[in-house]
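The structure appears right after this line, and notes come after that.
The values are calculated or read from the model by the stated rules, or taken from the named source; none is laboratory data. On a predicted model such as this, the values are computed, not experimentally measured, just so you know. Here the Cβ positions follow ideal geometry from the backbone for every residue, glycine too, while neighbour counts run over all protein chains shown. We work out accessible area using only protein heavy atoms, side chains counted, and drop any ligands, DNA or RNA first. Shrake-Rupley method; radii C 1.70, N 1.55, O 1.52, S 1.80 Å.
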Amino acid sequence: MISVEEALATCLALVRPVGTETVPLADAGGRVLSSSVIARRDQPPFAASAMDGYALRLDDRVSGAVLQVVGEAPAGRAWAGGIGPGEALRIFTGAPVPEGADCVVIQEDVTRAGDRITLGDRLEQGDNIRPAGADFRIGARIEAPRRLSPADVALAASMNVPLLEVSRRPEVALIATGDELVSPGEHPRPDQIVASNSYGLKAMVEAEGARARLLPIARDTRESLEQVLRLAADADLVVTIGGASVGDHDLVGSVAAGMGLERAFYKVAMRPGKPLMAGRLGQAVLLGLPGNPVSSMVCGELFLVPMLRAMMALPTGARRRMRARLGCHLPENGPRAHYMRAELVPGPDFPEITPYDSQDSSLLTVLAQANALLVRAPHDGALRRGDLVDYLPMVPFPS
Ligand SMILES: Nc1nc2c(c(=O)[nH]1)N[C@H]1C(S)=C(S)[C@@H](COP(=O)(O)OP(=O)(O)OC[C@H]3O[C@@H](n4cnc5c(N)ncnc54)[C@H](O)[C@@H]3O)O[C@H]1N2
Ligand code: MOO
């Protein structure tokens, strides 16, 4: 058995970036930017009013002053002329500030009568002008690689860049295996269950921005497994679920080997998820996850997600660990790293984390409730309430 760290390093060494494509800005949210975005203009491109009011000279901003209104500038229509002493321009938020004006007095501080305004008693100190280029200058960059947030998309739009180069979405084929499985909505026999983790993994893959394809459930025969694996030949990453352990019906390793799998490792010193395997299968990479629902989902978080990120050319490595105070006592850990499903709540200095009583790797109710994985190293000594421990956050984090 190898360590989680070795297994992750090997998984990451197996994958390659999948290449790039160009997409319209409107479809770029959540995608991974692969070429930096470069601003084609200054924003704002002119000194702009931040308020609805009157543009005038600072020298004229005196309580009680009476000024002549010479014209009007709505947003999108600049006033061609300038502003002289004793003059004001009616101006609206976002409109260019005219030559000669160096402040905008908000309309609430002004009394207007015909073409004249009188400035009120209390006038603001600020000039209410957004200087040209205050947001960004031409040539400013959104550096790649970066997963594009909604704010990034808005920024790229503002930079007037309509097409973005992003990483292609990796194609992931998901294969559930086992005679006991039926698809959700079907009618299982009394000795059957409903395939679950393949659907959870599909959601996980898609949340990362990759494409997931659920292949037909492979039955526990060599022929069935071979047939379904062949359907996955064009995928970038083939993920099998189950059939990885030592039982007579656990065929994934030997069938994949027969089809040319160059296995990089099998079995990792972790709980849950010991019978994990990975290797190269033709043009694709194969990740063989254990069948227990929680094991496969935890391995998905720890290995599949970083692999997908590497395939999209994002900086990779282990999921970022955080620190929390333990909410209970825990006995010494065994020889495998333990990723305990846990509840994380806010605390006075660090958040407080308490693992659920049952850590059986079949319990999806516990996994769905958990908002963190408490990480224990192999042979970690007994821990006391209040000790600082590592955890990996999972959604939903308490708000
Ligand atoms: N003698 C030993 N037995 C087992 C060992 C071992 O070391 N020696 N390891 C155990 C561990 S740890 C795990 S994890 C499981 C993993 O086994 P497999 O990967 O071969 O998974 P299966 O046997 O196919 O299934 C395990 C369990 O999960 C259910 N399952 C499978 N696929 C799905 C699915 N898509 N959706 C929902 N549930 C699924 C399956 O029905 C079984 O209940 O092996 C232990 N055994
Ligand atoms: O490690 Mo298995 O993955 O106990 O469930």
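When only the Cβ of Lys, Arg, Asp and Glu is charged (+1, +1, -1, -1), the dipole of the chain relative to its Cα centre reaches about 720 debye.
Is the range 322-393 best put as rounded, prolate or oblate by its Cα gyration tensor, with a ≥ b ≥ c the root eigenvalues, rounded for a/c under 1.5, and otherwise prolate when a/b is larger than b/c, oblate when not? The shape class here is oblate. Solvent-accessible surface of the chain, averaged per residue with a 1.4 angstrom probe and all protein chains in place: 48 square angstrom. Between A113 and D234, residue separation times 0.36 nm minus the direct Cα-Cα distance comes to 36.1 nm. Cβ-Cβ distance of L364 and V161, R₀ of 45 Å, FRET efficiency by 1/(1 + (r/R0)^6): the value works out to about 0.55.
Over the chain, with a single point scatterer placed on each C-alpha, what log10 of the ratio I(q)/I(0) does the Debye formula yield at q = 0.06 1/Å? Debye output, listed in q order: -0.41. Using only Cα atoms, locate the centre of the range 292-312 and the centre of the range 96-141, then give the distance between them in Å, rounded to an integer. Measuring centre to centre over Cα atoms gives 54 Å. Basic side chains Lys and Arg get +1 at the Cβ, acidic Asp and Glu get -1 at the Cβ, and with that the dipole of the range 332-388 about its Cα centre reaches some 120 debye.
How much mean residue ellipticity at 222 nm does the chain get from its helices, if each DSSP H run of length 4 or more adds -39500 (n - 2.57) and you divide by all residues, to the nearest 500 deg cm²/dmol?
Counting only the DSSP helices, I get -4500 deg cm²/dmol.
Computed in the context of the full set of protein chains, the accessible area of the chain at 1.4 Å probe radius has 51% of its extent on carbon or sulfur.
Long hydrophobic helices in the chain, taken as whole DSSP H segments with a C-alpha length of 27 Å or more on their own axis and mean Kyte-Doolittle hydropathy at least -0.5, are absent. With both bridge residues required to lie in the chain, what share of the DSSP beta bridges run antiparallel, to the nearest 5%? Counting DSSP beta bridges with both partners in the chain, the antiparallel share is about 65 percent.
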